[in-house]
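Just so you know, all these numbers are worked out from the coordinates, no wet-lab data involved. Computed from a prediction, not measured in an experiment: that's the story for all the values here. A quick note on method: Cβ atoms are made from the backbone with ideal geometry, for glycine too, and the neighbour counts reach across all protein chains shown.
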Amino acid sequence: LAFATIPQLLRDAVSRYGPRDALVFQDHRLSYYDLDRAVDALATGFLALGLEKGDRLGIWSPNRLEWVLTQFATARIGVVLVNINPAYRLSELEYALNVVGCKALVLARRFKSSDYLGMVRTLAPELGTASPGKLQATKLPHLRHVIVMEDADDARGLWLFNQIATLGGPAQQLRLPQIDRGLEPDDAINVQFTSGTTGRPKGIMLSHDNLRKNAKTLVQTWGFSASDRLLHMLPIYH
């Protein structure tokens, strides 16, 4: 089991399988080359927002391509991705964002009957008068950036997800190799919450090495080869 970070493993896959399919996601088909470019563009955009190694970025969404890109992009720059249960209500969302100190939140506009954006505006009405990236919310004191995956009827205070990949420039691109050299396999990459059946949900910190070992062991157990494909139908948040 190689001791490596997730970005290092992605680069290895790109070098081996670049033009082959990496993801087929609804109407999106990305080769490993495509995935690598999209991840780096998003990562440099996050750097342009001022996100740094160790900062927490929450993601609240059903399964979507943006989730996969965000997972790899945050790992690329050492930002910790906080997986938020798509079924959470207001009090649970407020608790999750605050207990880990999320500086940014990426979210879908809605899922089923849940109006995600409306719920965030309820917790942070200050979005209505804030510039994107300048949020100062009483109930969410750590949160500065709210990034919505689709166009919003009311975009006050919001970044659009597709904007983020356009924000990074040469300065941020030059930082990527330096950041990569500073990442360690034992660095945190994810926070996942327990169900909270015996009290408040607990945020469980996972490292690059935790996820790598889990994935590697599963792939070996299942006997996967590079010619196989996996149909993934479980909620990505857990």
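Worth pointing out:
- Taking amide hydrogens as placed 1.01 Å from N in the peptide plane, the amide H of LYS202 sits under 5 Å from those of THR194, GLY196, each at least 5 positions away in sequence or on another chain.
- Dipole magnitude for the range 132-208: computed about the Cα centre from +1 point charges on Lys and Arg Cβ and -1 point charges on Asp and Glu Cβ, it is near 360 debye.
- Computed over the range 16-82: relative contact order in percent, which uses C-alpha pairs under 8 Å that are six or more apart: 32 percent
- Contact order, relative form, for the range 1-48: 27 percent (alpha carbon pairs under 8 Å, 6 or more residues apart, mean separation divided by residue count).
- Sparsely packed loop sites in the range 1-107 (the GluC sites (Glu not before Pro) outside DSSP H, G, I, E and B with at most 14 other Cβ atoms within 10 Å) comprise GLU52.
- Net charge in the neighbourhood of LEU143 (other residues with Cβ under 13 Å of its Cβ; Lys, Arg +1, Asp, Glu -1) is +3.
- Structure remark: mean-square fluctuation, Gaussian network model of the chain, C-alpha springs under 10 Å; the largest value among PRO170, PRO19, PRO141 belongs to PRO170.
- The local environment of LEU57, defined by Cβ-Cβ distances under 13 Å, has a net charge of +2 under the rule Lys, Arg +1 and Asp, Glu -1.
- Its relative contact order, with pairs defined as Cα atoms under 8 Å and 6+ residues apart, puts the chain at 22 percent.
- In loop segments of the range 37-139 as defined by DSSP, the trypsin sites (Lys or Arg not before Pro) with at most 12 further C-beta atoms inside 10 Å of their C-beta are ARG89, LYS112, LYS134.
- P(r) histogram, all alpha-carbon pairs of the chain included - 10 Å bins from 0, percent: 7, 31, 38, 20, 4, 0
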